[in-house]
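J.: So that we are looking at the same thing, I have put the structure below in structure tokens.
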Amino acid sequence: MTSRLAVVTGASSGIGAATARHLAREGFEVVCAARRADRIEALAAEIGGRAVVCDVTSPESVAGLAAAVGPRLDVLVNNAGGAFGLAPVAEADADEWRRMYDVNVLGLMQVTKALLPALVASGAGVIVNVGSTAGRIAYEGGAGYTAAKHGTKVVTETLRLELFDQPVRVCEVAPGMVRTDEFALTRFGGDQARADAVYAGVAEPLVADDVADAITWVATRPAHVNIDELVIKPRAQAAAHKVHRVSGD
């Protein structure tokens, strides 16, 4: 029997890499897609998958991914995304906003569009878009990212309506506070102190494996079960603005 095939974008680190590992443990052959060839090649070798260098913001690159995947695909995890900056609207950097919209919304659209025929051909395809609690709640300094992740959420909802009569489920997993090696560091342009401050005093934020476990659960439900959206936060995070932090000695 041919193994089930999954694609994970943004697979070079964090939630994407963890999701590729979790899906592989569930028996999927995983296409690890990201821009950093060395990382995805190492990951693919580790899990017995395939590495495809792909920039989701490039139509040509996405076309190459679709060609590498072939005519049939069981699961697509649209994980590629990111936040850049934390400036208020009055000081916003338009280029940072464009980058966030480009990867979180347009990139998701391009990959989904390119791989949708293969997902339909599987007879029971699953699309899992990785959103965020930022796609539900606004917060100061986050307008560019929250706007982009609201876009992720609405594209997901619209796609589900458009594919209601097709054998494809459309789902969203929306994490809250997740500590990974790169997310906050990227947001703050490599400023480690600012990145660390995001999680200061939070004894147990989510980690990439927690979210990967949720994504894998969503993707492996019976074919008639659609998990529209799953919001996952650490126990310490009651809301975006209300986080239990323990002061150090």
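The values are calculated or read from the model by the stated rules, or taken from the named source; none is laboratory data. Here the structure is a predicted model, which is why all the values come from computation and not from measurement. No Cβ is skipped: glycine too gets one built from the backbone with ideal geometry, and neighbour counts run over all protein chains shown. All accessible areas refer to the heavy atoms of the entire protein, side chains included, with ligands and DNA or RNA removed. Shrake-Rupley method; radii C 1.70, N 1.55, O 1.52, S 1.80 Å.
J.: If residue 189 satisfies all but one of (1) closer than 26 Å to residue 109 by Cβ; (2) not in a helix (DSSP H, G or I), what's the number of the condition it fails?
T.: Condition (1) is where residue 189 drops out.
J.: Anything in the stretch 155-179 that is outside any strand (DSSP E or B) and under 13 Å from residue 132 (Cβ atoms)? List them, or say none.
T.: Selection gives 156, 176, 177.
J.: In addition: Within the stretch 104-122, identify whether any single residue is surrounded by fewer than 20 Cβ atoms within 10 Å (Cβ to Cβ), at pLDDT 95 or above, within 24 Å of residue 54 (Cβ to Cβ) and among the basic types (Lys, Arg), and answer yes or no.
T.: yes
J.: Report, by residue number, each residue of the stretch 148-158 that is touching a helix residue (DSSP H, G or I) at 6+ places or on another chain (Cβ under 9 Å) and surrounded by fewer than 18 Cβ atoms within 10 Å (Cβ to Cβ). Even if it seems obvious, please write down each step before you answer.
T.: Here is the first cut: in the stretch 148-158, the residues touching a helix residue (DSSP H, G or I) at 6+ places or on another chain (Cβ under 9 Å) are 148-156.
154 - this is the single residue of the stretch 148-158 that is touching a helix residue (DSSP H, G or I) at 6+ places or on another chain (Cβ under 9 Å) and surrounded by fewer than 18 Cβ atoms within 10 Å (Cβ to Cβ).
J.: Let me ask something else. Just one of (1) touching a Lys or Arg at 6+ places or on another chain (Cβ under 8 Å); (2) closer than 27 Å to residue 121 by Cα; (3) in contact (Cβ under 8 Å) with a residue 24 or more places away in the chain; (4) open to solvent by 40 Å² or more (accessible area, probe 1.4 Å) trips up residue 53, so point out which.
T.: Status for residue 53: all satisfied but (3).
This table checks each residue for (1) surrounded by fewer than 20 Cβ atoms within 10 Å (Cβ to Cβ); (2) at pLDDT 95 or above; (3) part of a helix (DSSP H, G or I).
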position	(1), (2), (3)
7	no, yes, no
17	no, yes, yes
64	yes, yes, yes
68	yes, yes, yes
81	no, no, no
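J.: Here's a follow-up. Name the residue, out of 106, 23, 73, 43, that is without any contact (Cβ under 8 Å) to a residue 40 or more places away in the chain and under 19 Å from the mean Cα position of the chain (by Cα).
T.: Numbers: 106 fails: without any contact (Cβ under 8 Å) to a residue 40 or more places away in the chain; 23 fails: without any contact (Cβ under 8 Å) to a residue 40 or more places away in the chain; 73 fails: without any contact (Cβ under 8 Å) to a residue 40 or more places away in the chain.
From the options 106, 23, 73, 43, the qualifying one is 43.
J.: Something else about it: Considering 223, 238, 197, which residue is open to solvent by 30 Å² or more (accessible area, probe 1.4 Å) and assigned to a loop (DSSP other than H, G, I, E, B)? Quick ask: steps written out before the conclusion?
T.: On the way: 238 fails: assigned to a loop (DSSP other than H, G, I, E, B); 197 fails: assigned to a loop (DSSP other than H, G, I, E, B).
Checking each option against the conditions leaves just 223.
J.: Let me ask something else about it. For residues that are more than 15 Å from residue 73 (Cβ to Cβ), open to solvent by 30 Å² or more (accessible area, probe 1.4 Å) and more than 15 Å from the chain's Cα centre (by Cα), tally how many sit in the stretch 28-40. I'd like the intermediate steps shown before the answer.
T.: So in the stretch 28-40, the residues more than 15 Å from residue 73 (Cβ to Cβ) come out as 34-40.
Filter once more, keeping what is open to solvent by 30 Å² or more (accessible area, probe 1.4 Å): 35-39.
Still in the list and also more than 15 Å from the chain's Cα centre (by Cα): 36-39.
Number of matching residues: 4.
J.: Being under 19 Å from residue 14 (Cα atoms), charged (D, E, K, R) and at pLDDT below 95 is the filter here, so list the residues in the stretch 201-249 that pass it.
T.: Selection gives 204 alone.
J.: State which residue is farthest from the chain's Cα centre (by Cα) when the search covers only the stretch 200-219 and only residues that are in a loop (DSSP other than H, G, I, E, B) and buried (at least 17 other Cβ atoms within 10 Å of the Cβ). Spell out how you get there, then give the answer.
T.: Initially, the stretch 200-219 is screened for residues in a loop (DSSP other than H, G, I, E, B), giving 200-205.
If we keep only those that are buried (at least 17 other Cβ atoms within 10 Å of the Cβ) as well, we get 202, 205.
Details: 202: 23, 205: 18 Å.
Looking at the filtered set, the residue picked out is 202.
J.: If you check 125, 144, which single one turns out to be under 27 Å from residue 188 (Cβ atoms), surrounded by 14 or more Cβ atoms within 10 Å (Cβ to Cβ) and touching a helix residue (DSSP H, G or I) at 6+ places or on another chain (Cβ under 7 Å)? Walk me through it before giving the result.
T.: Details: 125 fails: under 27 Å from residue 188 (Cβ atoms).
Among 125, 144, only 144 is under 27 Å from residue 188 (Cβ atoms), surrounded by 14 or more Cβ atoms within 10 Å (Cβ to Cβ) and touching a helix residue (DSSP H, G or I) at 6+ places or on another chain (Cβ under 7 Å).
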